[in-house]
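Where a number appears in this text, it was derived from the coordinates with a stated rule and is not lab data. A quick note: this is a predicted structure, and the numbers were derived from the prediction, not measured. Virtual Cβ from ideal backbone geometry, glycine too; neighbours counted across all protein chains shown.
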């Protein structure tokens, strides 16, 4: 049976270890529902290994047990917003969580994954930040400016390893031409039900 594994931070997690076990109530759950109604004959095992608050270092530390051990046929990775947030709040973390360190760690993970799981289809999702704020003196304005460096790191990693890439940040920015940012993610990070549906649809289209 085909196995699809999602791994990442709270946007992937979405309560999967609480009362909403095992898929949570985020885009992974909605993606699973889309599969059920659009491809009901397909036999697919979906695994959610998101953990809220994770950054790329956290992902690297649990990669063997939470990803490689499952040997999925398909892998979807969503990471980066916590790295950006944590470096913004404490610049002293730049050596471990800055854009260059993020890119190096991400590259290490994909190198390892390609060595261990050469046949696995891999889709990398960019982090996103849902804000129109461009003021350099505001938290949201600085975050909106900084996130592009992490998006670029994911894009370059995907290109280097010949993996699939979904630029969620660009898709969200395009959507916000007509949709208010807080209708997508009230805190600019964690999607509303509408935002969850949008991400699930984007991932479904990318994997289809």
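For the pair residue 88 and residue 170, how long in nm is the line joining their label points, each one 7 Å along Cα→Cβ?
Here the answer is 2.2 nm between the modelled labels.
Could you work out the helix-only [θ] at 222 nm for the chain, with each DSSP H run of four or more residues adding -39,500 (n - 2.57) and the total divided by the number of residues, to the nearest 500 deg cm²/dmol? Walk me through the numbers on the way to the answer.
Details: 10 runs with 107 residues, N = 208.
Taking each H run of at least 4 residues, the total per residue is -15500 deg cm²/dmol.
If each residue's Cβ is checked for other Cβ atoms within 10 Å, how do 193, 111, 12 rank with the fewest at the top? Working shown, then result.
Values: 193 10, 111 13, 12 26.
Ranking 193, 111, 12 by Cβ neighbours within 10 Å, fewest first, gives 193, 111, 12.
Extension gain residue 182-residue 205, at 0.36 nm per residue separation less the Cα-Cα distance, in nm? Show your work: numbers first, answer last.
Details: separation 23, 0.36 × 23 = 8.28 nm, distance 2.42 nm.
Extending this stretch completely gives an extra 5.9 nm.
Length gain on complete extension for the stretch residue 119 to residue 60, per 0.36 nm per residue less the alpha carbon to alpha carbon distance? Let's see the in-between values first.
Details: separation 59, 0.36 × 59 = 21.24 nm, distance 2.03 nm.
Full extension of this stretch gives 19.2 nm more.
Divide the volume of the convex hull of the Cα atoms of the chain by its number of residues and quote the answer in cubic angstrom per residue. Display every interim value, and only then the final one.
Details: hull volume 24.4 nm³, N = 208.
In the chain, the Cα hull volume divided by residue count equals 117 Å³.
Label-point separation (nm) for residue 192 and residue 42, each offset 7 Å from Cα along Cα-to-Cβ?
In this crude label model, residue 192 to residue 42 measures out at 2.9 nm.
Let me have the relative contact order for segment 2-207, percent, based on Cα pairs under 8 Å that are six or more residues apart. Please list the in-between numbers first.
On the way: 347 pairs, mean separation 44.0, N = 206.
Once normalised by length, the contact order is 21 percent.
Can you tell me the relative contact order of segment 92-156? Whole percent, Cα pairs under 8 Å, sequence separation 6 or more.
Details: 45 pairs, mean separation 22.3, N = 65.
Dividing the mean separation by the residue count of segment 92-156 yields 34 percent.
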